[in-house]
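Take a look at the structure set out below.
Bear in mind that the values in this text are calculations on the coordinates, not laboratory data. Remember, it's a predicted structure, so these values are computed and weren't measured experimentally. Quick reminder, even Gly has a Cβ in these numbers, built from the backbone with ideal geometry, and neighbours come from all protein chains shown.
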Amino acid sequence: MAQPAGKDITLAAGLLAGVGTVVGFSSSPHWSVRMWDFPRIQIAAAAALAGGVHAARYHRGRPADWAFTAMTAAAAAWQLKKILPYTALVPVQVERSRVKPSRDRPRPDARTLRLLISNVLMENTQHERLLRLVEEAQPDVVMAVETNARWAEALEPLAETYPYVVRQPQENYYGMMLFSRLPLIEPRIEFLVQDDIPSVHTGIELPGGAQVVLHGLHPRPPEPIRDQDSTPRDAELVMVGRAIGEDEDVPTLVAGDLNDVAWSPTSELFVRLGQLLDPRVGRGMFNSYNANNPLLRYPLDHVFHSSHFRLVELRRCPSIGSDHFPMLIELSYEPDAEEEQAMPEPEAEDLEEAEEKLELQAEAAQTGDDRPGRE
């Protein structure tokens, strides 16, 4: 007697969730492995739904039935454990500041930094939507990635009110621009891992005189179309994280589309190396990608920071026509916050793992295996 189609679909969904969970434990950088880091919400939902439907309709008490139930329950539990920090069910990692959000800029005694980050999507021609958002949100600093020459021209009017500008337009989806109304201190573009993937690094002088450091990143992602693994992305993140951790007394922010989710092994390693905090912990996921598909959304656009700051405001902004939603954050520089905000500490094996990732990238660079579309 043929099985009903519903049972086949239930079994397939549960098995896929189980396989994806197990594969995710691998440390392989191959895209077919690392892709399972992203959809933890979807995997948890699939596992829970498949297990529930199977228990209610198809469970007959056979060993295979119990094994399927156990597998789906374990998969759902593991995935929920990984995303639990990005819910309101856990304490916040970054305390709320008593400073109120303000668009009255600049305030001469302010010790706050209001930052807007946006992956604009290089092909997106709705430039005016980002300009309107900047006018509405009144950030101190605007960071835009995937900016090419056309976007650079469209955003040039921002230079009238944001006179401190770093320009690195490129036609390969990795262009980057930074506009600031606050003075930038020794801004520079670096190509940390690959000669076509820029990052921006700069000091920023707050109106009250304090100086903080911003690292703007947009590493190359793992993806199947060009058979690109996560090696260069992982190397860039651990390189920056390790450098920040070696100078932990400096008030620091890391922002951008990291092409990784906060709950991936690489991101978790990155925040431990840099001893950085995530203001989303205890507040929500703030899924920024894919803006065009509400069923497949992940938090890809991040702001991590050192324990010198408290949170004033954090929100996902309306669409600007890109496949990413812009993110807005305002942080208050309050050095006493270090006393109540515990930094994540590097684990014993973290430095060794970081070194292995850098060595893997160095080997891949020598052979060209770190490039998309390789033969």
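Tabulated data for the structure shown
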read-out	value
Beta bridges per DSSP with both ends in the range 112-358, % antiparallel, nearest 5	80
For the range 123-255: rounded, prolate or oblate by the Cα gyration tensor [a/c cutoff 1.5]	oblate
Student exercise, the range 57-187 dipole from Lys, Arg, Asp, Glu Cβ charges, in Debye to nearest 20	960
Length gained when the stretch residue 96-residue 351 is fully extended (0.36 nm per residue, less Cα-Cα span)	88.6 nm
Point-charge dipole on Cβ atoms (K/R +1, D/E -1) for the range 5-86, about Cα centre, debye to 20	100
Residue 293-residue 359 FRET efficiency (beta carbon distance; Förster radius 45 Å; 0.05 resolution)	0.80
Exposure proxy order (Cβ contacts within 10 Å, fewest to most) of 134, 22	22, 134
Inter-label distance, nm, simple model (7 Å from Cα along the C-beta direction), residue 19/residue 42	1.5
With Cα atoms, 0 to 90° folded angle of helix 63-83 axis to the chain main axis	10
Pairwise FRET efficiency - residue 26 versus residue 73, Cβ, R0 = 25 Å, nearest 0.05	0.70
Amide H within-cut-off set for residue 281, under 5 Å, with H built and near neighbours excluded	93
Cβ-based charge dipole, the chain, positive-most Cα from 173, 279, 112	279
Normalised per residue, the volume of the convex hull around the Cα set of the chain (Å³)	160
Of 163, 31, 89, farthest towards positive along the dipole that unit charges on Lys, Arg, Asp, Glu beta carbons give the chain	89
Spin-label proximity, residue 84 to the range 272-313 - amide N less than 16 Å from point 7 Å beyond Cα toward beta carbon	281-284
Fully extended contour minus Cα-Cα distance, from residue 268 to residue 249, at 0.36 nm per residue	4.8 nm
With Cα atoms, 0 to 90° folded angle of helix 265-274 axis to the chain main axis	30
Acute angle (nearest 10 degrees) that the helix 40-53 long axis makes with the longest principal axis of the chain, alpha-carbon atoms	20
